[in-house]
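All of the numbers you see were taken from the coordinates with simple rules; none came from a lab. Everything numeric in this text was worked out from a predicted model, so none of it was measured. Ideal geometry is used to build each Cβ from the backbone, glycine not excepted, and the neighbour counts take in all protein chains shown.
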Amino acid sequence: MKSEIKEILIDSLQPFGKHSGRTYEGGRLRLLMCSIEENGLFNPIIVRPVDQDKYEIISGHNRVKAMKELGHSTILAKIENDLTEDKALEIFYESNFNQQSFSDWNYDQRIEAVRYCEKKIKEYSQQGKRTDLGINKNVPVEGETSVQSRQKLEENSKQVTTRDKMARSLGISTATLSKYRRIIKLPDELLDSLVRLLDEKRITFEAAYAISNMRDTDIRCLIKGINKYPDRKLDLNTLKSLPKRNADIDGDIIVKMDERQVLKALILSVASDVIIPRYSK
């Protein structure tokens with residue numbers, strides 16, 4: 001039996017592994033509770049078995065919280081018995097994109113969400129659907145000025161792409177999604193370090209994006225410096241001036257940089273008296 005709908009104990013539920021742990025609070029929770037009291041649950045929550053008489057919530061974390069706050073001990077659930085991990089992720093993200101703000105998640109969870117979006121973009125691309133901006137290549141008519149041509153081009157370039165849809169589902173701009181897509185291309189060790197620094201608020205997202213465009217050896221050096229000099233902050237302009245990862249043919253070998261050149265991106269904060277040796281040619 002692939003699925004069944006029945007009442008299950010709320011105490012038998014556990015959150016989805018990718019869930020942020022954040023649920024509705026305050027007025028938003030009260031509104032949901034009032035709706036449930038007046039109209040009942042419009043849809044059953046979606047769960048999958050994880051152990052004997054235990055279930056993992058795939059969709060419905062807020063409804064579970066509201067029902068529990070209302071004093072209910074059971075909740076109507078659709079039990080998906082043969083749910084693959086990929087399908088569970090799809091249901092989780094598709095349902096929660098509309099319920100939670102991207103900014104509510106920590107950076108580790110944001111990265112996982114972007115990885116999911118990247119997978120969907122690639123799937124649509126493999127199916128022959130374009131994921132790049134779908135700009136119509138209009139040919140200007142005789143007598144049409146370049147400004148008129150550009151305006152016409154912009155008016156006819158409204159095609160919504162998979163990338164645009166994924167960005168919209170996350171509640172972020174396509175440009176911001178593109179930056180996240182660049183960041184997730186980093187090797188796992190470097191990505192994990194950046195995510196940790198982001199969640200600890202030691203670097204900004206724009207700094208993380210600038211770092212992701214650097215070469216791996218330089219990133220390692222910079223992360224080491226950030227950890228060594230916690231009282232310093234990153235200078236975004238200096239970061240952007242460092243060699244890009246595509247500056248060398250093989251990424252990291254041809255042009256070697258002195259460690260002090262990389263650490264110049266760490267500037268002295270007001271309260272700091274730690275001095276990083278200046279690089280001299």
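Taking 0.36 nm per intervening residue step and subtracting the Cα-Cα distance, what contour gain separates ASP51 from GLU69 on full extension? If you can, show how the numbers build up before the last one.
Numbers: separation 18, 0.36 × 18 = 6.48 nm, distance 2.51 nm.
Separation in residues times 0.36 nm, less the Cα-Cα distance, equals 4.0 nm.
With only Lys, Arg, Asp and Glu charged, each at its Cβ (+1 for the first two, -1 for the last two), find how big the charge dipole of the range 3-96 is about the Cα centre; round to the nearest 20 debye.
On the way: 12 positive and 16 negative charges, 72 e Å.
Approximately 340 debye in magnitude.
Which of SER95, SER173, SER59, SER103 comes first, and how do the rest follow, when ranked by fewest Cβ neighbours within 10 Å?
On the way: SER95 17, SER173 12, SER59 22, SER103 8.
Ranking SER95, SER173, SER59, SER103 by Cβ neighbours within 10 Å, fewest first, gives SER103, SER173, SER95, SER59.
Of the cross-linked pairs LYS2/LYS119; LYS68/LYS122; LYS68/LYS201; LYS122/LYS233, which ones have a Cα-Cα span greater than 32 Å in the structure shown?
Details: LYS2/LYS119 25 Å; LYS68/LYS122 40 Å; LYS68/LYS201 34 Å; LYS122/LYS233 36 Å.
In this structure, LYS68/LYS122; LYS68/LYS201; LYS122/LYS233 exceed 32 Å between Cα atoms.
Out of the trypsin sites (Lys or Arg not before Pro) in the range 17-122, which ones are loop residues according to DSSP with at most 14 other C-beta atoms within 10 Å?
Details: sites: LYS18, ARG22, ARG28, ARG30, LYS54, ARG63, LYS65, LYS68, LYS78, LYS87, ARG110, ARG115, LYS119, LYS120, LYS122; in loops: LYS18, ARG22.
Those satisfying the criteria are ARG22.
Using the structure shown, select from LYS65/LYS120; LYS54/LYS78; LYS179/LYS264 the pairs with a Cα to Cα distance greater than 19 angstrom.
Details: LYS65/LYS120 30 Å; LYS54/LYS78 14 Å; LYS179/LYS264 24 Å.
Pairs exceeding the cut-off: LYS65/LYS120; LYS179/LYS264.
DSSP loop (so not H, G, I, E, B), at most 14 other Cβ within 10 Å: list which GluC sites (Glu not before Pro) in the range 1-90 pass both filters.
Working: sites: GLU4, GLU7, GLU25, GLU37, GLU38, GLU56, GLU69, GLU80, GLU85, GLU90; in loops: GLU25.
Answer by residue number: GLU25.
Can you pull the one-decimal nm distance between simple spin-label points at ASN81 and GLU25, each 7 Å off the Cα toward Cβ?
4.0
Among LEU32, LEU70, rank each residue by its count of other Cβ atoms within 10 Å, from fewest to most, as a rough exposure measure. All intermediate terms of the calculation are to be shown ahead of the outcome.
Values: LEU32 19, LEU70 12.
Lowest count first: LEU70, LEU32.
Grab the eigenvalues of the alpha-carbon gyration tensor for the range 1-133, scale each by 5, take roots, and send me the semi-axes largest first in whole angstrom. Provide the component values of the computation, followed by the final result.
On the way: eigenvalues 156, 72, 35 Å².
Equivalent-ellipsoid dimensions as semi-axes: 28, 19, 13 Å.
Counting other C-beta atoms within 10 Å, which of CYS34, CYS117, CYS221 has the fewest, and how do the rest follow? Provide the component values of the computation, followed by the final result.
On the way: CYS34 12, CYS117 23, CYS221 20.
Ascending number of Cβ neighbours within 10 Å: CYS34, CYS221, CYS117.
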